[in-house]
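*Asks:* Structure provided below as structure tokens; questions to follow.
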Amino acid sequence: MCPTGSILHSEATGKPNLRSAFDILDVDRDGKISRDDLRTSYGGFVGDSEDDVIGTMMTLADFNKDGYVEFEEFEKVLDSCRSRKDDEKRRNGTLGGVNVMEDVFKVMDKDGDGKVGHEDLKSYLNWAGLQVDDDDVKAMIKLGPGHGNDGVTYEGFLQILSL
């Protein structure tokens, strides 16, 4: 179970539960992902063509054309991407997949060292509107397996979310 209270894999279907990834992208917590949510989530990480990239993301995922991506649409897009990647993997034996959580990790890892350290996490949480003190950040990092004060790797980040 992750900190949001959801289980990352459905025990009945074995499929990943994408709710926690959706909730991270739904910055304003209104139950749908808007262009503004994506700008906030990916701001500065997409490059000069940010509006084009976000527009493409919305066009691909907004099946009912209401200007928002609801959870069911989000899940449908990622399921279809996963199916295509599984087919590709079966054909040529390579690993593939869409990994929203990896993108989130990269946003949090501001210095790009492959770990979310104290300053990375504190900066991200403050940016997300969560005021935390140094002791809170230290406690969060200690949840990561084996890294203590150095920071948390991507694999450790996934383990924390699956608690």
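What follows draws every value from the coordinates through simple rules; no lab data is involved. Note that this is a predicted model, so its numbers are computed, not measured. Cβ: placed from backbone, ideal geometry, glycine included. Neighbour counts: every protein chain shown.
*Asks:* Taking 7 Å along the Cα-to-C-beta vector as the label spot, tell me the ASP66-ASP133 distance in nanometres, rounded to one decimal.
*Replies:* The answer from the label model is 4.3 nm.
*Asks:* Still on this structure, please answer the following. Evaluate E = 1/(1 + (r/R0)^6) for LEU143 and SER80, where r is the Cβ-Cβ distance and R0 equals 41 Å; express this FRET efficiency to the nearest 0.05.
*Replies:* It comes to 0.80.
*Asks:* Turning to a different aspect of this structure: Here is the link list: LYS32/LYS115; LYS106/LYS142; LYS32/LYS122; LYS76/LYS142; LYS65/LYS110. Which ones come out longer than 23 Å on Cα distance?
*Replies:* Checking Cα-Cα distances, LYS32/LYS115; LYS32/LYS122; LYS76/LYS142; LYS65/LYS110 exceed 23 Å.
*Asks:* Round to the nearest 0.05 the FRET efficiency obtained for GLU119 and GLU50 when R0 = 22 Å and r is the Cβ-Cβ distance.
*Replies:* Efficiency computed from Cβ-Cβ geometry: 0.30.
*Asks:* Going by amide H atoms built from the backbone, whose H comes under 5 Å of the H on GLU70, apart from near neighbours?
*Replies:* Under 5 Å from the amide H of GLU70: ILE33.
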